[in-house]
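See below for the structure under consideration.
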Amino acid sequence: AQDEVTADQVVTAIEGTFGVTPGERRNHTKGVCALGEFVGSPEAASYSRSALFSGKPIPVVARFSLAGGNPKAPDTTKSARGMALEFKLPDGGVQHMTMLNTPVFGAMQPKTFLDMMIATKPDPATGKPDPEKIKEFKATHPDSLAQADFLARNNPPASFATSAYFGIHTFKFINRTNKTSLVRWRFVPQDGEKRLTDEQLKSLPANFLEYALIERTRLGPVRWNMLVSIGEPGDPENNPTLAWPENRKQIKAGTLTISSAMPQKDAACEKINYDPLVMADGIAPTNDPILLFRSPAYAISFAKRLGGM
Ligand code: HEM
């Protein structure tokens with residue numbers, strides 16, 4: 001049954017597919033740290049009483065990453081990119097947002113994610129995943145297709161600074177009168193969305209994203225608009241593989257400014273567990289089974305890497 005899948009099983013399967021880099025994240029292993037701030041808008045404050053939307057600058061510790069447990073994954077890999085944010089609120093509270101550059105996720109239930117890890121495990125004979133197993137996985141897991149399709153059709157970003165990042169899950173905003181709104185958020189780059197060309201996919205070296213972000217922040221701050229869509233009755237609430245209709249009411253909830261970036265070793269983001277369920281008053285989770293499953297999986301990965309495993 002679906003609910004028999006444990007976080008331990010899934011982290012073990014990630015390790016089986018990608019191997020283990022001791023002391024490092026089991027997933028999104030390759031990444032870069034960054035620092036900045038967020039300023040929320042009054043319109044967002046009417047939907048959420050979170051201190052995030054007070055209008056005062058909120059310090060942010062960010063991490064940009066490549067999906068997967070390979071610390072040497074080429075930056076041209078057609079996998080997801082991540083942006084994780086830790087907001088440090090004035091009252092000492094903390095808010096996390098841990099996002100991908102795909103509008104939807106590739107699993108409706110943890111079992112699909114587990115089966116994907118098992119199906120993509122390299123065959124010892126070839127060192128590559130078995131195409132037959134991947135075919136079989138896709139045929140039996142239709143909830144995996146939308147994200148895979150997005151990644152196949154859209155080349156990876158040319159820079160972490162030229163990508164949009166999506167919260168993917170539905171969350172709840174709760175305002176001062178206790179009114180709850182279902183929301184989905186995304187961060188859209190003021191530098192514009194720019195992807196690698198097919199030519200660059202073939203010609204670029206394995207490592208350029210970290211350097212490009214550090215160089216970009218040296219030229220001046222990098223900004224994203226935080227956009228929030230307000231859900232309507234019937235919009236999928238617990239299914240991160242389904243997008244919402246395009247015409248939902250959308251507000252600008254704030255501006256993220258990244259002012260510096262640095263290699264992750266010994267930097268502020270390295271020892272953060274960007275558990276997406278770390279939330280402050282005014283924002284709350286839905287019952288999305290993937291969202292709820294992430295927390296224990298990240299805790300296992302975090303405990304292992306802190307222990308040098
Ligand atoms: C069953 C679903 C998922 C599992 C099992 C999973 C597992 C993991 C694990 C084990 C880590 C490393 C945690 C650490 O050591 O700190 C991680 C990191 C990450 N995950 Fe997930 N994940 C899932 C779904 C998602 C989804 C839906 C998103 C985005 C909406 C996402 C975005 C990220 C990002 C951006 C990171 C890197 C965070 C950082 O920079 O520290 N993951 N994931």
Over the range 282-299, the set of residues more than 7 Å from the ligand (Cβ to nearest atom), touching a residue at least 24 places away in the same chain (Cβ under 8 Å) and out of contact with any strand residue (DSSP E or B) (no Cβ under 8 Å at 6 or more places or on another chain) is ASN287, ASP288, PRO289, PRO296, ALA299
Mind listing whichever residues of the range 252-309 are at positive phi and of a type in the set (S, T, N, Q)? none
Taking the range 287-299 on its own, how many of its residues are more than 17 Å from THR112 (Cα to Cα) and either crowded, with 19+ Cβ neighbours inside 10 Å or at pLDDT below 95 (or both)? 1
Does GLY106 count as of a type outside the set (S, T, N, Q), farther than 25 Å from VAL222 by Cβ and over 18 Å from the mean Cα position of the chain (by Cα)? no
If we scan the range 118-127, do we find a residue that is within 14 Å of the ligand (Cβ to nearest atom) and either closer than 16 Å to TRP224 by Cβ or not basic (Lys, Arg) (or both)? yes
Where in the range 65-184 are the strands (runs of 3 or more DSSP E), entirely inside, with at least 3 residues that are within 27 Å of THR21 (Cα to Cα), free of Cβ contacts under 8 Å to residues at least 40 places away in the same chain and open to solvent by 10 Å² or more (accessible area, probe 1.4 Å)? none
Of the conditions (1) within 14 Å of the ligand (Cβ to nearest atom); (2) touching a strand residue (DSSP E or B) at 6+ places or on another chain (Cβ under 6 Å), GLN95 clears all except one; give me its number. (1)
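Okay, residues lined up against (1) surrounded by fewer than 15 Cβ atoms within 10 Å (Cβ to Cβ); (2) not small (Gly, Ala, Ser):
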{"site": "ARG223", "(1), (2)": "no, yes"}
{"site": "MET226", "(1), (2)": "no, yes"}
{"site": "SER229", "(1), (2)": "no, no"}
{"site": "PRO236", "(1), (2)": "no, yes"}
{"site": "GLU246", "(1), (2)": "yes, yes"}
{"site": "ALA261", "(1), (2)": "no, no"}
{"site": "ALA267", "(1), (2)": "no, no"}
{"site": "ASN273", "(1), (2)": "no, yes"}
{"site": "PHE302", "(1), (2)": "no, yes"}
Could you grab me the full set of residues in the range 9-64 that are surrounded by 16 or more Cβ atoms within 10 Å (Cβ to Cβ), among the β-branched types (Val, Ile, Thr) and assigned to a helix (DSSP H, G or I)? VAL10, VAL11, ILE14, THR17
Of the conditions (1) touching a residue at least 60 places away in the same chain (Cβ under 8 Å); (2) among the charged types (D, E, K, R); (3) more than 10 Å from the ligand (Cβ to nearest atom), GLU4 clears all except one; give me its number. (1)
Could you list, in sequence order, all residues of the range 211-247 that are touching a residue at least 24 places away in the same chain (Cβ under 8 Å) and either on the phi > 0 side of the Ramachandran plot or among the charged types (D, E, K, R) (or both)? ARG216, ARG223, ASP235, GLU237
State all residues of the range 187-202 that are more than 9 Å from THR76 (Cβ to Cβ) and open to solvent by 60 Å² or more (accessible area, probe 1.4 Å); if no residue qualifies, say none. GLN190, GLU193, LYS194, ARG195, THR197, ASP198, GLU199
Flag if LEU213 is within 18 Å of PHE38 (Cβ to Cβ) and either crowded, with 18+ Cβ neighbours inside 10 Å or among the small types (Gly, Ala, Ser) (or both): yes
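The values are calculated or read from the model by the stated rules, or taken from the named source; none is laboratory data. On a predicted model such as this, the values are computed, not experimentally measured, just so you know. Virtual Cβ from ideal backbone geometry, glycine too; neighbours counted across all protein chains shown. Just so you know, the surface numbers come from the protein's heavy atoms only, side chains and all, with ligands and any DNA or RNA stripped out. Shrake-Rupley method; radii C 1.70, N 1.55, O 1.52, S 1.80 Å.
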